[in-house]
Structure formats: structure tokens, C-alpha cells
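The values are calculated or read from the model by the stated rules, or taken from the named source; none is laboratory data. All values derive from a computational prediction rather than experimental measurement. Neighbour counts run over all protein chains shown; Cβ positions are idealised from the backbone, glycine included. SASA here: full protein model, heavy atoms, side chains in, ligands and nucleic acids out. Shrake-Rupley method; radii C 1.70, N 1.55, O 1.52, S 1.80 Å.
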Amino acid sequence: MDWDWTRIVFDHVQISVRDAEASVAFYTALLEPLGIPPLGEFEGGAQLANLVVVARDETSGPVHIAFVAESREQVEAFHRAGLEAGGTDNGPPGVREQYSSPEGGRYYATFVLDPDGNNVEAVCREFD
């Protein structure tokens, strides 16, 4: 597998949620440890850097979104922030051997379910 894991391939992702106010508050708290700021709110949603959250009658998901963390400490802080913001634990911080490889690095991640049941992940790829 020859791939540059540092390459950015998405400009932004939009998810539809039932309750924009609750979801924006959740994602603002969840993404703060990763240094991902809210860029602005608008009627029915907000943009948090590359994530756009909008209220709709039907949700997008459940979907799985993985955010890049720079360290294990950021992964752990993301998990704590998600739980404190009302998220549900979907996998505590730890090495995921099944996703680790010499090419892709050691995969240290955590998973939290948002208010709509979306699986939100923070992952730090560690290379020796």
C-alpha cells in the first residue's frame, strides 16, 4: 500500500442532525482538544472548521467520521470531552492493532457516539 497518510483529501464534510443547537454544542466541546474551532453559526447549524452541522428532518446517519489527532494526549482529551458533552463511549482510547500496519502506522484511536448516533473518532497515527 503506497499512500501518503498526511495528504488532505476532503475539503469539508456536512452532516444532518435532528437538533442543531445540541449538536453544535457537542461538536464544539468534542473538537476543542484537537484545536478545531467553530468558524461561525448560521440559522439551523454551524461550521466547525471542515465540519458543517445542519438541522434537517432526516439525519445523515449514522455515519463514521474520523478526525486527525497529533498525539495520544489529544485522543484521550477528545474522548473525555465527548463524554462530558453527553456523548456515548463507543471505544476507549487505545491502539487498534487491526488498523495498524508498517505503512499506515500504529493506530491509536477512540470512538464517541454523538447525539444522533454518529460514530466520531479521533486517531493518531504513530510512525517509528
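Of the listed requirements (1) open to solvent by 60 Å² or more (accessible area, probe 1.4 Å); (2) modelled with pLDDT of 95 or more, Leu113 misses just one: (1).
Inspection of the range 75-82 identifies no residue that is surrounded by 14 or more Cβ atoms within 10 Å (Cβ to Cβ), of a type outside the set (S, T, N, Q), modelled with pLDDT under 95 and not in a loop (DSSP other than H, G, I, E, B).
Filter the range 1-58 for residues that are open to solvent by less than 60 Å² (accessible area, probe 1.4 Å), closer than 30 Å to Ser100 by Cα and polar (S, T, N, Q) and give the result. Residue satisfying the conditions is Thr28 alone.
Taken over the range 84-106, the criterion of being buried (at least 18 other Cβ atoms within 10 Å of the Cβ) and without any contact (Cβ under 8 Å) to a residue 24 or more places away in the chain is satisfied by Pro93 alone.
Among residues that are over 25 Å from Glu126 (Cβ atoms), surrounded by 13 or more Cβ atoms within 10 Å (Cβ to Cβ) and in contact with an Asp or Glu (Cβ under 8 Å, 6 or more places away or on another chain), Phe67 is not included.
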